[in-house]
Amino acid sequence: MSAVATNPQTEGAETVLVVDFGAQYAQLIARRVREAKVYSEIVSPAITAEEIAARNPTGIILSGGPASVHVEDAVLIDPEVYDLGVPILGICYGAQMIAQQRGGLVDHSGRGEYGRTTMSLDADGGCLLGGTPATQQVWMSHFDAIVEPPKGVTATASTSAAAVAAFEDRDQKLYGVQFHPEVMHTTHGQHVFERFLIDACGSSGSWTMDSIIDTAVAQIRQQVGDESAICGLSGGVDSAVAAALVHKAIGDQLTCVFVDTGLMRLNEGDQVVETFERSFGVRLVHAQAQDRFFEALEGITEPEAKRKAIGELFIRVFEGAQAQAGEARFLVQGTLYPDVIESGGKHASTIKSHHNVGGLPDDIEFSLVEPLRSLFKDEVRQVGRELGLPDEIVERQPFPGPGLGVRIIGEVTPGKVATLQQADFIVREELRNAGLERLIWQSFAVLPDIRTVGVMGDERTYGHPVIIRAVTSEDAMTADWARIPHEVLEAMSGRIINEVPGVNRVAYDITSKPPGTIEWE
Ligand code: XMP
């Protein structure tokens, strides 16, 4: 996370800065602010008051954090931030910090409060809480407690263990809440954000999907000018939305390259072509390389060898397609805001190779166009919908670069791919029919390299089993196997055996990550 990185995509927008003191909640705070239609960015606590002033924010939010303001090396905000005249909201640790730095008192000897807590308003609850019920549920997670609000600031709410559960002073533009308004268990949390943003900061709440798209289009036009850009389409959400946005901005100056490996989900390749070439009229180089991939995979059974073969051929095919697309100086990428936060906000303006999308040639140099750099995944999906992309693309689950190649154990053949595509389609369709698709991170079928005896009618069969894999996850780093209702599993199993030739048994994978991985190879 950079203290000062500005985002060209949002320059000029009203911005609220969320200073991240290390709680897992900072991203959630930034998203809640955006839900109130105010643009927000996360910045490091190392940011100075001068750097903040240079960003001209409409408000500042100091997040919670795991530390105590009483420890010797407590990370605190530059105290000159209080002289900027910008409204400040402290949340949990952030509120304690304001109290500590502005003449209040934070006590380290109490018993703390964790989880759902009942809070009572003092008087009318002030700007942040006015209009909400006199007693209400909030989510607490703190050991230290503010016992005296900052000098000249009034307490506006309390709980049994927190004498000062909220405080504010309009003149000093200081606001604090001990509870976590960003968490859904805080019943009136979004109200607190809206009052802070609109009443205290005077934000207009005009950061809408339309304004995001208009700003991005203007920025892309300015950046690319009359040069050409290329974009590798993977079939995934991010590259699809990035391509649609850039196409809206520069039309035929964009060429999309789609490498069809033959290892995608059922109908996915057709859908990419249908959507981009036929509906959107995008210039598309469609490299139909299925046969080349099957040839390259002949006789290969070892997972890493398969990945390598697929990755290397992908690069070669991409290079060929790129040559067909003509000279381009710009490469479009679907980098998202969480990637930017994770990489510390470092912005490489040019790139030599790109390893996220299955690898691109190492020896080409592009300037990057990253129109989604300031957006969270759910915002990207909204932009995609707004641009007219179909739900099948916008709601698509993550899919590995090597595709079905790592879901077929043993040698990959066209026949096995056809079997797996049909089984995989049924798994996802039944989940969608049950209304569960959006609750699941990834759901798919795996084809192991074994055979199994069964009986169908009066006949003995010797066919293939299919394994269903479905996981819930936040970020793919850890995952839990999804507790899919038995009736849904039954529908999947029945349909796979009846509709997919050669399959006579279905199993469900109940392994979490760790110790398993999401994929089988
Ligand atoms: P694992 O199987 O390691 O997967 O738990 C974690 C996430 O990464 C995806 N995945 C890949 N994505 N290229 C990709 O672009 C790959 O080689 C690859 N392998 C796994 C996987 O689908 C899951 O979302």
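Which percent, to the nearest 5, of DSSP beta bridges fully inside the chain are antiparallel?
The antiparallel fraction comes to roughly 45 percent.
Kindly state, to the nearest 0.05, the FRET efficiency for THR154 paired with GLN222, given R0 = 51 Å and r defined as their beta-carbon distance.
After rounding to 0.05, the efficiency reads 0.60.
For the chain, take N as its residue count and report Rg(C-alpha) divided by 2.2 N^0.38 Å.
1.13
Please give the length that would be gained between SER109 and ALA305 if that part of the chain were fully extended, namely 0.36 nm times their separation in residues minus their C-alpha to C-alpha distance (nm, one decimal).
Going from the current span to full extension adds 64.7 nm.
Tally up the carbon and sulfur contribution to the accessible surface of the chain as a whole percent, 1.4 Å probe, everything protein left in place.
49 percent
Identify, among ALA482, GLN442, VAL453, the residue whose Cα sits farthest towards the positive end of the charge dipole of the range 415-492, taking +1 on the Cβ of Lys and Arg and -1 on the Cβ of Asp and Glu, with the dipole about the Cα centre.
Positive-end residue among those listed: VAL453.
Once phi is turned into θ = phi - 60°, what whole-Hz ³J(HN,Hα) does the Karplus curve with 6.51, -1.76 and 1.60 give for every residue of the range 451-467, x standing for Gly and Pro?
Rounded to whole hertz, the list is 10, 9, 8, x, 9, 9, x, 9, 9, 6, 10, 9, x, 10, x, 10, 10.
Treat every Asp and Glu Cβ in the range 443-517 as -1 and every Lys and Arg Cβ as +1, leave all other atoms uncharged, and give the resulting dipole magnitude about the Cα centre to the nearest 20 debye.
Taking the Cα centre of the range 443-517 as origin, the dipole is about 180 debye.
Please list, by residue number, everything in the range 477-517 whose backbone N is under 16 Å from a paramagnetic label point 7 Å out along Cα→Cβ of ARG460.
What the label zone holds, given the 16 Å backbone N cut-off, is no residue at all.
Would you calculate, for the chain, the mean residue ellipticity at 222 nm contributed by helices, counting each DSSP H stretch of 4 or more residues as -39,500 (n - 2.57) and dividing by all residues, to the nearest 500?
Calculated from helices alone, the mean residue ellipticity at 222 nm is -9000 deg cm²/dmol.
Would you please give the residues with an amide H less than 5 Å from that of ALA507, counting only those at least 5 places away or on a separate chain, with H modeled from the backbone geometry?
Counting only residues 5 or more places away or on other chains, the set is VAL466, ILE467, ILE468.
Using only Cα atoms, locate the centre of the range 239-310 and the centre of the range 464-521, then give the distance between them in Å, rounded to an integer.
26 Å
In terms of modelled amide H atoms, which long-range or inter-chain residues lie less than 5 Å from the amide H of ASP107?
Answer set, sorted by chain and number: ALA145, ILE146, VAL147.
Along the Cα→Cβ direction, 7 angstrom out, place labels at MET184 and GLU35. What is the inter-label distance in nm?
The two pseudo-label positions are separated by 0.8 nm.
Sort out for me the Cα centre separation of the range 45-124 from the range 375-446, rounded to whole Å.
Cα centres, the range 45-124 to the range 375-446: 43 Å.
Could you sort ASP214, ASP169, ASP424, ASP122 by their accessible area in this structure, using a 1.4 Å probe and putting the largest first?
ASP214, ASP122, ASP169, ASP424
Which parts of the range 94-119 would a label at ASP83 reach, counting a residue when its backbone N lies under 17 Å from a point 7 Å out along Cα-to-Cβ?
101-103
Say R0 is 30 Å: what FRET efficiency, to the nearest 0.05, do SER512 and THR413 get from their beta-carbon distance?
0.45
Specify which residue in the list ILE230, GLY64, ALA309 is farthest towards the positive end of the charge dipole of the chain, using unit charges on the beta carbon of Lys, Arg (+1) and Asp, Glu (-1), about the Cα centre.
ALA309
Once you have the Cα-Cα distance between THR452 and PHE143, take 0.36 nm times their residue separation minus that, and quote the gain in nm to one decimal.
Length gained between THR452 and PHE143: 105.5 nm.
Which value, in debye to the nearest 20, describes the size of the charge dipole of the chain about its Cα centre when Lys and Arg Cβ atoms bear +1, Asp and Glu Cβ atoms bear -1, and nothing else is charged?
About 620 debye.
Could you give the size of the charge dipole of the range 355-511 about its Cα centre, using +1 on the Cβ of each K and R and -1 on the Cβ of each D and E, expressed in debye and rounded to the nearest 20?
Rounded to the nearest 20 debye, it is 400 debye.
Not counting ligands, DNA or RNA, and with a 1.4 Å probe, what is LEU284's accessible surface area in Å² rounded to the nearest 10?
The accessible area of LEU284 comes to roughly 20 Å².
Quick one: which residues, 5 or more positions from VAL43 or on another chain, have an amide H under 5 Å from its amide H? H modelled 1.01 Å from N in the peptide plane, none for Pro or chain starts.
Here VAL18, VAL19, ASP20 satisfy the definition.
May I ask you to derive the FRET efficiency for ALA54 and SER211 from their Cβ-Cβ distance with R0 = 35 Å, giving the value to the nearest 0.05?
With a Förster radius of 35 Å, E is 0.95.
Could you pull out which residues in the range 85-122 have an amide N less than 16 Å from a spot 7 Å beyond the Cα of GLU474, following the Cα-Cβ vector?
Taking a point 7 Å out along Cα→Cβ of GLU474, the residues of the range 85-122 whose backbone N falls under 16 Å are 115.
Using the Karplus curve 6.51 cos²θ - 1.76 cosθ + 1.60 with θ = phi - 60°, work out ³J(HN,Hα) for each residue of the range 104-114 in order, rounded to whole Hz, and write x for Gly and Pro.
Each residue's phi maps through the Karplus curve to give x, 9, 10, 9, 10, 10, x, 10, x, 8, 9 Hz.
The values are calculated or read from the model by the stated rules, or taken from the named source; none is laboratory data. Note that the coordinates shown come from a computational prediction; the quantities given were computed from them, not determined experimentally. Positions of Cβ are generated from backbone atoms using ideal geometry, with glycine treated the same way; all protein chains shown enter the neighbour counts. Heads up: the accessible areas ignore ligands, DNA and RNA and are worked out on the full protein's heavy atoms, side chains in. Shrake-Rupley method; radii C 1.70, N 1.55, O 1.52, S 1.80 Å.
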